[in-house]
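The values are calculated or read from the model by the stated rules, or taken from the named source; none is laboratory data. Not measured: the values here are computed from a predicted model. Glycine also receives a Cβ, built like all others from the backbone with ideal geometry; neighbour counts cover every protein chain displayed. Areas reflect the complete protein model, heavy atoms only, side chains present, ligands, DNA and RNA absent. Shrake-Rupley method; radii C 1.70, N 1.55, O 1.52, S 1.80 Å.
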Amino acid sequence: MDLAGALVNPKSAAMRLVVVLSAFGLRPASAQELALTRVRVDSVGTFAQLARAGYEVAGVVTVNGIDYALVVTSPAQRLALGAVGLEVRLAPLAAPRPAVPANFKDVTTIATVLDSLATANPRIVLDTIGFSFEGRPIHGVKIGEPDDAFERPNVLYVATHHAREWISTEFAMRLITYLADSLALTPNGAALLAARDVWVVPVLNPDGYQFSFEVERLWRKNRRPNGDGSVGVDLNRNYPGFWRYDDLGSSGQTAAETFRGAAPGSEPEVAALMAFHAAHPPAVAISYHSFTNLILHPYGFASGALAPDAPIFRALAGTPLAPAIRDGLLETARPAYHPGPGWQLYPTNGEYTEWAYRAHGTVAFTVELTAGCCVAGEWYGFEFPDDSAAIAQVVSDNLPFALAVLSAAGDLDRARDPAGNSPAGAFVESAWPEIRVIGPPGSATLPVVLRRGAGETMLALSADSLDRGTWRWRWRREAPDIGPDTEIEVPGLGLRLSILESAGAEDTLDGWTGWVRDSIRSREGRFAWAARNDTLWSPAFRLDDIDRPQLVFWTRHGGSLFQPARLGSVELSTDDGATWTVLSVVAGAATEWYPISLALPDGLEQLRVRFAAVEFPWWIDAVQLLGTRRAPPYVAPGGTITLSENPVRFGRLFFSWSPTAGEATLSVFTFASELVFRQTLDAQIGQLEWDLRNRNGNPVSNGAYVAVLQLPAETLRRRIFVARAQ
Ligand code: 0X9
Ligand code: ZN
């Protein structure tokens, strides 16, 4: 099946009309009630079809080898979905609904509990960050010092943008008691709390939350009447960040679950959280939702979009192989929370973490709490069971990440992942087809020197506004024609590495075997490698005398639906294929190409790579092996140019070299290869003065230049940094 075709043409999938309610002998939904519903998925096109119709695909289950998307539907919607040919069934419920839950608390009870917590513990201070559409207070709970100090980084935990996600509020309530009653009593915990301003908003959407207790358990939005009989705006689509970017990531239909509202920030609940950010901009934030076991981070608005601060997000959320949150529920179907950019679930626009990151630089995560477990392989869904032990497990599973984020708020540049790794400072994220460099914030353009054989090209990469993060920037441009043995130097970031190998489906498949060539191309090329259940094998590469080896590839994938059995696995062998180690796994959906850059262990002599697709429609192209050669391929000439000073702080500069017979031509170029100065003289003089003026007689601007001295027997180069006081 052509999955990419199915993405743009959902109707290409075979469709059936089958509406079966209560197929599993479970509690039937009443005539008016919303119910978690399974919609049979014939192709990934079904997801796009559901998203465009304004459904929030809450999860996926596979029963007897058939995939079903889980969506919340009304009886009328079930009929409508059936009428367009989708097979619709009610999902089985994992637990009975108690009339009065023992653990979950409605808004009135929450207010009472917060009052008594604050009365009992002076470290808990109650505030109101605003009011809901129906006029309910939105509580902001401060833990620690009652005042708000500029020098203490703000940390925010916010729960229940979505009314029905009760477990997220219950987690937030227990987080408050944990921080104030347990953590604060340990010496380290007390010191940590004393160095932060910590806020918890346990219910951002009190109207919807209360409605889900009193009327409709599976209500999602707030309770604003839309004027046409429909009610509610999706608060997690109403923020100004990328608001209405497209109709896939939010809906313009008032009745839809993902209705974005009439204007960005139109909802009082969203306006309250925005005002909170203006007054107390959080360094870090976690927005708790349920369900599916995910740690999502910006960007999420478009498939393939990577935040420049991805190294920071990754350091905290972990990698798919070493994720920051484990799921300890008994018999859980998913042993961990999968970390990744938001679009790997599905794209959203007007979403909270995205806005907080763009508007305030907040390192903000969405945690989708556990999918739970386990009735005949089914999920709890939104109705987390009213079971103290299971809730306690969710709390203990989630505390380590909440605390890691709290602790990292002090210095995100040095954030540590659970394995103790900190985010890479500067690195080449990709060498081709796009050259991308990540590094600390700098200026809008970044000079890069490419050397291949005797040729040298200077490029200026640029960072657009979405590439300028708080902690890292990304500079990029289309790569010129480069290939193995191209050396890449980024003088401003002290990076110097080589393309050791590069391969793509376009080339003659020298030694690469296993996948088919597909015409879904990455860039200019005409082909990519593609597979669903096959392994792509590389030939063996030598890595002698290579420091910091790195594997880069461009990829897209049709969607693993985060089902643990479906993934793309990137594996390494250092013994020519006798044994393999998993380096990384790829999951989720990506409809656009994006690069994955993986550090390889140092000290390898030989390496083979394989990409194993397990029930995972996967495309790969532009595979690159990068690393620093201990003996650089660019052989420095015997002589050198000596400079009177470098960086140059005054108005003139002397070049000198060992005098020799013949002529010397000295040229100075900008990093964009523009000639600014050239003079030819007798090489015996051995010295030349430059007044730092260009060929029009104007002083050159401060910045990096390259001097090239051509002597009869050799050509010498020197980098010059002009840094005069202005
Ligand atoms: O759709 C949402 O707002 C969140 N999921 S939920 O099932 N709790 O409604 C996820 C938002 C995370 N961001 C992206 N997926 N881009
Ligand atoms: Zn949610």
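Tell me the residue from 203, 233 that is without any contact (Cβ under 8 Å) to a residue 40 or more places away in the chain, among the hydrophobic types (A, V, I, L, M, F, W, C) and either within 16 Å of ligand 1 (Cβ to nearest atom) or not in a loop (DSSP other than H, G, I, E, B) (or both), please. Can you show your working first?
Working: 203 fails: without any contact (Cβ under 8 Å) to a residue 40 or more places away in the chain.
Sole residue among the options that is without any contact (Cβ under 8 Å) to a residue 40 or more places away in the chain, among the hydrophobic types (A, V, I, L, M, F, W, C) and either within 16 Å of ligand 1 (Cβ to nearest atom) or not in a loop (DSSP other than H, G, I, E, B) (or both): 233.
Can you go through 674, 645 and tell me which one is within 48 Å of the chain's Cα centre (by Cα), open to solvent by 80 Å² or more (accessible area, probe 1.4 Å), at pLDDT below 85 and acidic (Asp, Glu)? Can you show your working first?
Numbers: 645 fails: open to solvent by 80 Å² or more (accessible area, probe 1.4 Å).
After applying the criteria, what remains is 674.
Restrict the check to segment 184-192 and report whether at least one residue is open to solvent by less than 10 Å² (accessible area, probe 1.4 Å) and either assigned to a helix (DSSP H, G or I) or modelled with pLDDT under 95 (or both). Let's see the steps before the verdict.
Here is the first cut: in segment 184-192, the ones open to solvent by less than 10 Å² (accessible area, probe 1.4 Å) are 189.
From what is left, the residues that are either assigned to a helix (DSSP H, G or I) or modelled with pLDDT under 95 (or both) are 189.
Looking for residues that are open to solvent by less than 10 Å² (accessible area, probe 1.4 Å) and either assigned to a helix (DSSP H, G or I) or modelled with pLDDT under 95 (or both), one finds at least one in segment 184-192, hence yes.
Only residues in segment 160-181 that are at positive phi count as the first member; pair them with residues that are within 16 Å of ligand 1 (Cβ to nearest atom), Cβ under 6 angstrom, at least 6 apart or cross-chain, and list the lot.
Close Cβ pairs (under 6 Å, with a partner that is within 16 Å of ligand 1 (Cβ to nearest atom)) amount to 160/168; 160/169; 160/203; 160/204; 160/205; 160/209.
Among all residue pairs at least 6 apart or on different chains, which show Cβ distances below 7 Å where the first residue, located in segment 99-119, is in contact (Cβ under 8 Å) with a residue 60 or more places away in the chain and the second is of a type in the set (A, V, I, L, M) and not in a helix (DSSP H, G or I)?
107/203; 110/203; 114/126; 114/141; 117/124
Does segment 63-76 include one or more residues that are in a helix (DSSP H, G or I) and not assigned by TED's automatic domain parsing to the domain that holds residue 289? Reasoning before the result, please.
The first filter runs over segment 63-76 and keeps only residues in a helix (DSSP H, G or I), leaving 75-76.
Filter again for not assigned by TED's automatic domain parsing to the domain that holds residue 289, leaving 75-76.
Yes - at least one qualifying residue is present in segment 63-76.
Among residues belonging to segment 50-61 that are at pLDDT 85 or above and outside any loop (DSSP other than H, G, I, E, B), point out the one that is most open to solvent (accessible area, probe 1.4 Å).
Across segment 50-61, the extreme among qualifying residues is 52.
Report whether or not residue 141 is more than 16 Å from ligand 2 (Cβ to nearest atom), farther than 23 Å from residue 232 by Cα and crowded, with 21+ Cβ neighbours inside 10 Å.
On the way: more than 16 Å from ligand 2 (Cβ to nearest atom): yes; farther than 23 Å from residue 232 by Cα: yes; crowded, with 21+ Cβ neighbours inside 10 Å: yes.
When the stated conditions are applied, residue 141 passes them.
I'd like the full set of residues that are of a type in the set (S, T, N, Q) and open to solvent by less than 30 Å² (accessible area, probe 1.4 Å), limited to segment 558-601.
Step one: of segment 558-601, the residues of a type in the set (S, T, N, Q) are 560, 563, 569, 573-574, 579, 581, 584, 591, 597.
Of everything in segment 558-601, those that are of a type in the set (S, T, N, Q) and open to solvent by less than 30 Å² (accessible area, probe 1.4 Å) turn out to be 560, 563, 569, 573, 584.
From 219, 243, grab the single residue that is of a type in the set (Phe, Trp, Tyr), within 15 Å of ligand 2 (Cβ to nearest atom) and part of a loop (DSSP other than H, G, I, E, B). Spell out the reasoning first.
On the way: 243 fails: within 15 Å of ligand 2 (Cβ to nearest atom).
Within the list 219, 243, the selection yields 219.
In segment 288-303, how many residues are open to solvent by less than 10 Å² (accessible area, probe 1.4 Å) and either free of Cβ contacts under 8 Å to residues at least 24 places away in the same chain or within 15 Å of the chain's Cα centre (by Cα) (or both)?
5
Can residue 243 be described as open to solvent by 10 Å² or more (accessible area, probe 1.4 Å) and in contact with a helix residue (DSSP H, G or I) (Cβ under 7 Å, 6 or more places away or on another chain)?
Values: open to solvent by 10 Å² or more (accessible area, probe 1.4 Å): yes; in contact with a helix residue (DSSP H, G or I) (Cβ under 7 Å, 6 or more places away or on another chain): no.
Taking the combined requirement at face value, the residue does not satisfy it.
Identify all residues within segment 458-483 that are in a strand (DSSP E or B) and open to solvent by 60 Å² or more (accessible area, probe 1.4 Å); write none if there are none.
468, 476, 477, 478
Could you name every one of the strands (runs of 3 or more DSSP E) located completely within segment 257-356 that has at least 1 residues being away from ligand 2 (no atom under 16 Å from the Cβ)? Even if it seems obvious, please write down each step before you answer.
Numbers: elements: 282-290, 294-297, 338-341.
Filter on segment 257-356 gives 282-290, 338-341.
Name the residue that is farthest from ligand 1 (Cβ to nearest atom), counting only residues in segment 150-178 that are of a type in the set (Phe, Trp, Tyr), assigned to a helix (DSSP H, G or I) and under 23 Å from residue 190 (Cβ atoms). Show your work before the answer.
Here is the first cut: in segment 150-178, the ones of a type in the set (Phe, Trp, Tyr) are 150, 157, 166, 171, 178.
Restricting the remaining residues to those that are assigned to a helix (DSSP H, G or I) gives 166, 171, 178.
Now restrict to residues that are under 23 Å from residue 190 (Cβ atoms): 171, 178.
Numbers: 171: 13, 178: 23 Å.
Restricting to residues being of a type in the set (Phe, Trp, Tyr), assigned to a helix (DSSP H, G or I) and under 23 Å from residue 190 (Cβ atoms), the top hit is 178.
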